[in-house]
Amino acid sequence: MACVSKLSRHPLPGSHRRALLGSALGLAAIALAPAVSAQEIRVWSGYPELAPFYEHVAEGMKAQYPDLSVKVEAIALREHEKRLALGLTSGEAAEVIELGTSTATRYLENGLFNEAPAEVTAFVQDPANFNEFFRDSASYEGTVYGLPLFRGQSALYYNTEMFEAAGLTEPPAAMADYTKYAEALTKRDANGTPTVSGWSMRLSGGGQGIAEKFWINMFQYGESLVEQDANGMWKADFANEQGRAALKQYLENVHTLKTVTIEMPADAEAFEREQTAMFIRESWVIGDIAAKAPDLPYATATLPRGSIVAPVSLWISGEGAEAEAAWAFAQAANEPDNLLWLLDNVGWLPNRSDLDYSAILEAKPALAAFVDYPDSYEFFSLPNIGPVEEILTRTAARLTEAFANPALATDDAAIDAVLVATQDEINGLLEREGLLAQ
Amino acid sequence: MLRRKRWLFAILAILPTLALFAWLRMYPIFETLRLSLHKWDILSKNKPFIGLANFKELLGDRLFHEALLNTTIIAFGVLIITIPTAMVLAAMIHYRTRSRLSGFYETAIFLPHVVSLVPAAMAWKWIFDARLGPLNAVLTALGFEPQAWLFDPTLSVISVIVLCSWQALGYAVLIYLVGFKSLPVSLFEAAKLDGASGPQSFWFLSIPMLKPITLYVSVVTLVSGFNVYAQAFVLASDAQGAPGRQVRVLVLDMLENSFRNYRVGYAASEAVVLLLIVLVLTLVQFSLLRERGRA
């Protein structure tokens with residue numbers, strides 16, 4: 001104000017001066033208002049199909065948080081993992097981060113996610129909300145850091161019309177039956193070349209998915225890629241009859257029976273276009289089919305022994321008001337209404353226990369294979385250890401090579417050699433990280 | 001005094017550029033060299049010094065060996081295809097400048113170089129598609145067996161070479177065209193008077209006189225060949241997997257080790273190996289082409 005007086009040739013009367021000061025302060029207040037009251041948080045997701053879910057959650061928070069703006073940035077999972085590695089270490093990451101437990105462990109070890117506030121901890125630790133598996137999946141060394149959200153879990157998808165045409169009335173009950181079914185379901189042209197694959201298997205492409213899918217199949221024979229001992233250490237020990245059965249099944253289907261070929265259209269896209277009769281995938285495919293092929297005649301079935309469960313939680317980074325808003329968002333995402341919306345509209349399975357799926361199951365019976373399973377059904381998950389991605393990526397590279405080698409199909413000794421080499425490589429990685437069991 | 005002032009002015013004028021170059025080019029190189037001697041997972045604050053352990057591990061890493069072999073084959077494959085093709089195409093365009101379509105030819109050949117890499121690779125992915133691709137349709141029409149271009153271990157590498165060569169060709173032709181335009185016309189006229197045919201003039205005059213251009217183009221092509229990544233990634237990537245065989249190349253392996261396996265120190269040691277390879281090859285090219293040029 002003193003400055004204004006000095007600059008004025010004709011000093012203003014007191015009332016004018018006060019009016020001018022008031023106007024200036026008023027303008028300043030208007031200019032600063034959005035910065036003070038509006039708040040923005042970002043949500044980073046590795047599943048593009050989940051963007052509408054997070055937007056739905058944000059929409060539901062409008063009444064309670066009218067000034068909160070939620071920016072959802074959902075990209076492909078592998079790119080999401082890269083941005084996390086760079087964003088979290090440079091302090092540029094989003095406030096709400098969606099990440100699977102097996103990968104999140106590295107970040108938890110380095111203190112890059114916030115510890116949950118007391119009320120979130122109480123919510124997560126309440127057995128009425130989450131079972132022990134999901135409570136552990138959001139915790140590190142006994143402390144809660146995340147809010148369990150959804151899980152990846154596999155089941156068999158099959159085309160009911162193709163089954164009927166092949167005279168198959170039930171889904172396969174044992175893993176060995178999958179090959180017989182695939183043979184009966186494969187459609188061929190006049191030259192015998194398959195035009196519709198009997199069973200779409202993950203045979204190529206980059207990334208660790210090939211190894212994950214192989215693990216799911218091998219699990220049906222009673223074997224795992226790595227197993228933990230009583231001391232919490234890990235070991236690969238699958239170069240045996242079960243491992244051979246799993247790998248041989250791939251090779252038989254690809255090279256001997258040719259129920260599927262490496263260049264045939266594959267995965268959900270092929271199933272939706274009726275280019276394959278059956279395949280194993282997570283529950284999100286139900287939402288994908290509803291959107292892309294709503295008239296597809298299909299059903300789902302549980303796998304012979306059990307399924308992988310890949311729990312995904314919401315983790316929070318940052319501090320202050322943004323972190324508080326981020327926790328509020330994560331809690332809102334876990335509201336029963338929102339979780340049912342997630343299952344109904346996107347297809348991923350919520351982790352929360354106390355949900356009533358009956359209305360959705362009635363409308364979408366295909367979801368039953370994911371939530372109504374036999375008591376004896378077993379689950380496994382990816383180990384929460386540092387080198388898990390490297391184990392899967394290197395195993396995938398070996399499997400891709402094996403799947404492309406027709407000479408292996410009829411040579412058990414050669415299959416065993418591949419399994420031994422893969423197993424040794426995994427154990428070498430575990431040893432390097434000090435995680436190998438004796 | 002005036003000379004000193006000029007010298008100072010020159011230093012001051014070049015200093016911002018040097019500073020930027022040091023910060024953006026030299027610092028990352030030295031940091032990569034330093035990281036290659038450490039174990040670092042990108043998340044931890046600790047970076048223990050491990051000496052040459054990363055390099056020792058590289059010696060026994062089969063994925064690194066595969067990546068190195070694939071990258072070398074691709075880089076030299078692109079070089080072998082690009083240099084002679086570019087030289088011949090540039091010669092044809094240069095000596096046919098009277099054609100009304102010469103501008104079209106130049107543009108058509110240069111266009112792939114400026115087309116964004118990812119959409120171009122997507123288009124080639126369709127061309128190479130085993131079932132719906134036009135390449136197999138042509139092969140079938142000619143009576144050949146259709147091929148699984150993106151799935152067969154050998155054909156998938158060839159596919160990457162074809163894509164990279166297609167992209168590198170435009171730039172190489174452009175540089176060769178500049179070279180052809182700078183060649184002395186009198187020499188060619190003298191050769192013609194002596195009875196030399198067009199191909200003879202090209203072989204005995206153009207090629208030797210274009211050695212500096214060939215040196216430059218081959219260095220650029222080889223270096224970019226060793227940096228191949230997006231082409232291999234796009235040809236084998238898909239939202240739901242199972243689209244094609246992943247051709248493992250060095251840059252892809254580095255990215256995988258850095259951001260999927262969280263082994264930045266190890267990836268840095270791969271980068272150092274790549275740097276050394278490119279440096280050695282560049283020196284070899286310089287010595288070969290310069291020596292012969294003098295002779």
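The numbers here are math on the coordinates, done by the rules we state, and not lab data. What you are looking at is a predicted structure, and each value in this text was computed from that prediction instead of being measured. Neighbour counts run over all protein chains shown; Cβ positions are idealised from the backbone, glycine included.
One table, with the values for the structure above:
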quantity: Label-to-label distance, nm, for residues given as B:Val115 and A:Lys71 (7 Å Cα→Cβ offset); calculated: 3.4
quantity: For region B:17-84, Kirkwood radius (reciprocal of mean inverse C-alpha pair distance, Å); calculated: 15.0
quantity: Sequence of B:Ile93, A:Ile97 once ranked by neighbouring C-beta atoms within 10 Å, starting from the fewest; calculated: B:Ile93, A:Ile97
quantity: Label point distance in nm, B:Leu20-B:Ser197, each placed 7 Å from Cα along Cα→Cβ; calculated: 5.2
quantity: In sequence order, calculated HN-Hα J values of region A:137-154 (Karplus, 6.51, -1.76, 1.60; Hz; x Gly/Pro); calculated: 5, 9, 10, 9, 6, x, 9, 7, 10, x, 10, x, 10, 9, 9, x, 8, 9
quantity: Normalised contact order of chain A, rounded percent, pairs of Cα under 8 Å and 6 or more residues apart; calculated: 23
quantity: Stretch gain in nm, segment A:Glu40-A:Glu161, where the contour uses 0.36 nm per residue and the Cα spacing is subtracted; calculated: 38.6 nm
quantity: Residue order, fewest to most surrounding Cβ atoms within 10 angstrom, among A:Thr410, A:Thr193, B:Thr32, A:Thr121; calculated: A:Thr193, A:Thr410, A:Thr121, B:Thr32
quantity: Förster radius 60 Å - calculated FRET efficiency between B:Ile207 and A:Ala128 (Cβ-Cβ, nearest 0.05); calculated: 0.15
quantity: Structure-based [θ]222 nm, the protein assembly as shown - -39500 (n - 2.57) summed over DSSP H runs of at least 4, per residue, nearest 500; calculated: -17500 deg cm²/dmol
quantity: Other-chain or far-sequence residues with amide H under 5 Å of A:Val72's (modelled H); calculated: A:Val43
quantity: Positive minus negative residues near A:Ser353 (Lys, Arg vs Asp, Glu; Cβ under 15 Å); calculated: -4
quantity: Positive-end extreme of charge dipole, region A:208-323 - chosen from A:Ala293, A:Ala236, A:Gln249 (charges on Cβ); calculated: A:Gln249
quantity: Tensor-based shape of region A:97-158 (alpha-carbon gyration tensor, a/c under 1.5 rounded, otherwise prolate or oblate); calculated: oblate
quantity: Gaussian network model of chain A, Cα within-10 Å springs - most flexible of A:Gly222, A:Gly320, A:Gly111; calculated: A:Gly320
quantity: Three-way shape call for region A:63-189 based on the alpha-carbon gyration tensor, with the a/c threshold at 1.5; calculated: prolate
quantity: Dimensions (Å) - chain A, Cα atoms, principal axes, largest first; calculated: 102, 52, 44
quantity: Long-range tail of P(r) for region B:122-262 (Cα pairs > 17 Å, %); calculated: 70
quantity: 28 Å Cα-Cα reach of B:Lys181 towards lysines, excluding residues that sit fewer than 8 places from it in its own chain; calculated: B:Lys192, B:Lys211
quantity: Peptide A:258-265, shielding by other chains (average Cβ, 10 Å cutoff); calculated: 5
quantity: Anchor A:Lys180: lysines whose Cα lies under 25 Å away (excluding residues fewer than 8 positions away in-chain); calculated: A:Lys213, A:Lys248, A:Lys258
quantity: Contour minus Cα-Cα distance for A:Ala321 and A:Ser90 (0.36 nm per residue); calculated: 81.2 nm
quantity: Calculated P(r) of the protein assembly as shown - Cα pairs past 37 Å, %; calculated: 53
quantity: Amide hydrogen neighbours beyond the local backbone of A:Ser154, cut-off 5 Å, H modeled; calculated: A:Ile308
quantity: Normalised contact order of region B:53-294, rounded percent, pairs of Cα under 8 Å and 6 or more residues apart; calculated: 30
quantity: With at most 15 neighbouring Cβ atoms within 10 Å, loop GluC sites (Glu not before Pro) (DSSP) excluded, longest segment of chain A; calculated: A:142-318
quantity: Prolate/oblate/rounded call for chain B, Cα gyration tensor, a/c under 1.5 rounded; calculated: oblate
quantity: Pair B:Arg100, B:Arg34: separation of 7 Å Cα→Cβ label points (nm); calculated: 6.4
quantity: Under the span-like rule (Cα at least 24 Å along the axis, Kyte-Doolittle mean at least -0.5), DSSP H helices of chain B; calculated: B:2-21, B:62-95, B:153-182, B:264-294
quantity: 5 angstrom amide H check on A:Asn384, placed H, neighbours 5+ away; calculated: none
